[in-house]
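Q: Sharing a structure here in structure tokens format.
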Amino acid sequence: MTEQIDMKRIPRHVAIIMDGNGRWAAERGRERSYGHQAGVEAVRRITSECTRLGVKFLTLYTFSTENWSRPAAEVAALMGLVLSSLEDEIFMKNNVRFRVIGDLGRLPAEVARKLRETEEHTAGNTAMTMVVALSYSAKWEIAKAAREIAAKAAGGSLDPAGICEDTVAAHLETAFMPDPDLLIRTGGELRISNFLLWQIAYSELYFCDTYWPDFDEDALRKAILSYQKRQRRFGKTEAQVEENER
């Protein structure tokens, strides 16, 4: 499958909704935490493969603001898993920079500290940036951006008449990176689940039934091949795009 991929058309930014850990574990008669642990191994595989293929940004939906309503034991296990999975090897071996987006004020202090330390330690890595969306939701992000813009307008540092799409984008958690070219959701569900709603306006969407712990290099390549077979028009007609490509 690797031979079929056009290396000149690799998506610059891939975002993934990593779904199916709990169901994967349940089918094996195990606790949901077992599925989350297996999901970490999938993160390692996909991080390495994305780096090898030349993806520049990989954003992983790890824990939503809505996930705080899950059973306390599962939330605690997930927070512990975040701590244990922030290993230097996955980042330093692959020359990957680590970034985190989300409402970090809700995280346990030890987790927040480790996240910031990992960001600082990997700041010089250049092959790819892995972004973890943790305690994140798109509605929270957009509301936060609106508050910041409103405060600037009220304070006189921003003219309300000049507020545009670029203004909003500059106040989002993702302002440091381009919008996703390809959004993948594993696990068979066909929804976005409050993830990057502003940023995926023109992303190509790819859904697969594979549970996240089973999502491997071949599954990623299949998603990229699907992406490469599509024509990205951004509101233009097919004829206009073909003319621009000549």
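The values are calculated or read from the model by the stated rules, or taken from the named source; none is laboratory data. Note that the coordinates shown come from a computational prediction; the quantities given were computed from them, not determined experimentally. Every residue, glycine among them, receives a Cβ derived from its backbone with ideal geometry; neighbour counts consider all protein chains shown. Accessible surface is based on the protein model in full, side chains and every heavy atom, while ligands, DNA and RNA are left aside. Shrake-Rupley method; radii C 1.70, N 1.55, O 1.52, S 1.80 Å.
Q: For V100, state whether it is modelled with pLDDT of 90 or more, of a type in the set (A, V, I, L, M, F, W, C), on the phi < 0 side of the Ramachandran plot and touching a Leu at 6+ places or on another chain (Cβ under 6 Å).
A: yes
Q: Looking at F215, F195, which one is touching a Phe, Trp or Tyr at 6+ places or on another chain (Cβ under 7 Å), open to solvent by less than 60 Å² (accessible area, probe 1.4 Å), in contact (Cβ under 8 Å) with a residue 40 or more places away in the chain and under 28 Å from G22 (Cα atoms)?
A: So the residue among F215, F195 that is touching a Phe, Trp or Tyr at 6+ places or on another chain (Cβ under 7 Å), open to solvent by less than 60 Å² (accessible area, probe 1.4 Å), in contact (Cβ under 8 Å) with a residue 40 or more places away in the chain and under 28 Å from G22 (Cα atoms) is F195.
Q: Does I90 satisfy the criteria of being within 25 Å of I224 (Cβ to Cβ) and modelled with pLDDT under 90?
A: Criteria met by I90.
Q: Exactly one condition in (1) over 21 Å from I10 (Cα atoms); (2) surrounded by fewer than 16 Cβ atoms within 10 Å (Cβ to Cβ) is false for R232; which is it?
A: Looking at each condition in turn, R232 falls short on (1).
Q: Turning to a different aspect of this structure: Give the residue, chosen from K144, K139, that is in contact with a Leu (Cβ under 9 Å, 6 or more places away or on another chain) and surrounded by fewer than 13 Cβ atoms within 10 Å (Cβ to Cβ).
A: Checking each option against the conditions leaves just K139.
Q: Also, quick follow-up: Only residues that are among the charged types (D, E, K, R) and surrounded by 11 or more Cβ atoms within 10 Å (Cβ to Cβ): list them for segment 148-184, please.
A: Of everything in segment 148-184, those that are among the charged types (D, E, K, R) and surrounded by 11 or more Cβ atoms within 10 Å (Cβ to Cβ) turn out to be E148, K152, E173, D179, D181.
Q: Determine the pairs where a residue that is touching a residue at least 12 places away in the same chain (Cβ under 8 Å), located within segment 218-229, has a partner that is part of a helix (DSSP H, G or I) and open to solvent by less than 30 Å² (accessible area, probe 1.4 Å) with Cβ atoms under 7 Å apart, the partner being 6 or more residues away or on another chain.
A: So the pair list comes out as L220/I46; L220/E49.
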